[in-house]
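The values are calculated or read from the model by the stated rules, or taken from the named source; none is laboratory data. Model, not experiment: these values are computed from the prediction. Every residue, glycine among them, receives a Cβ derived from its backbone with ideal geometry; neighbour counts consider all protein chains shown. Heads up: the accessible areas ignore ligands, DNA and RNA and are worked out on the full protein's heavy atoms, side chains in. Shrake-Rupley method; radii C 1.70, N 1.55, O 1.52, S 1.80 Å.
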Amino acid sequence: ALAESSMASDHGISVDLAAGGVRMDRLLFAEGGCRIVVSVKAECVQAWESLVGAAVDLPITPIGVVTDQSSLVIKVDQRPCLDLSVQQCRDAHVMALPRRIEADVEVAK
């Protein structure tokens, strides 16, 4: 969701995720649970936190910021994990299916 948002807006992100003992692939790609990503303008953060903070059953976890840098920077427990330009992400996304179609694939018999 973060990469897709960055590709659509051409804005970068800088996030730091807490692993909490979870495997890296699960942390980055799992789609279970009721989670959403919300981006809030810096000048509205306090109002947003007041709004959702009033609901005890609606926990929020700030994970990062939108940046003017055109790159996706993801850290896990403050250790660098990914640092790619938005264009690199866009190219990989757009070319994923054509690249797989053109790949030499050995068919199991």
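Do you know which of the residues in segment 27-42 that are exposed (fewer than 11 other Cβ atoms within 10 Å of the Cβ) and either among the hydroxyl-bearing types (Ser, Thr, Tyr) or part of a helix (DSSP H, G or I) (or both) is farthest from the chain's Cα centre (by Cα)?
Ala42
Looking only at segment 1-19, which residues are surrounded by 13 or more Cβ atoms within 10 Å (Cβ to Cβ), touching a helix residue (DSSP H, G or I) at 6+ places or on another chain (Cβ under 9 Å), not in a loop (DSSP other than H, G, I, E, B) and not hydroxyl-bearing (Ser, Thr, Tyr)?
Hits for segment 1-19 are Ala3, Met7, Gly12, Ile13, Val15, Leu17.
If the requirement is being exposed (fewer than 13 other Cβ atoms within 10 Å of the Cβ) and either charged (D, E, K, R) or without any contact (Cβ under 8 Å) to a residue 40 or more places away in the chain (or both), which of these qualifies: Val22, Val56?
Every option except Val56 fails the conditions.
How about segment 62-72: which of its residues are closer than 11 Å to Ser6 by Cα and aliphatic (A, V, I, L, M)?
If the condition is that a residue be closer than 11 Å to Ser6 by Cα and aliphatic (A, V, I, L, M), then Val66, Leu72 are the ones that fit.
Out of all the residues in segment 59-74, which are open to solvent by less than 80 Å² (accessible area, probe 1.4 Å), of a type outside the set (A, V, I, L, M, F, W, C) and either more than 15 Å from Gly12 (Cα to Cα) or assigned to a loop (DSSP other than H, G, I, E, B) (or both)?
Ser70, the sole residue that qualifies.
Residue by residue, here is whether (1) of a type in the set (A, V, I, L, M, F, W, C); (2) in contact with a Leu (Cβ under 7 Å, 6 or more places away or on another chain) holds:
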{"position": "Ser5", "(1), (2)": "no, no"}
{"position": "Ser14", "(1), (2)": "no, no"}
{"position": "Ile36", "(1), (2)": "yes, no"}
{"position": "Glu49", "(1), (2)": "no, no"}
{"position": "Gly53", "(1), (2)": "no, no"}
{"position": "Leu82", "(1), (2)": "yes, yes"}
{"position": "Asp91", "(1), (2)": "no, no"}
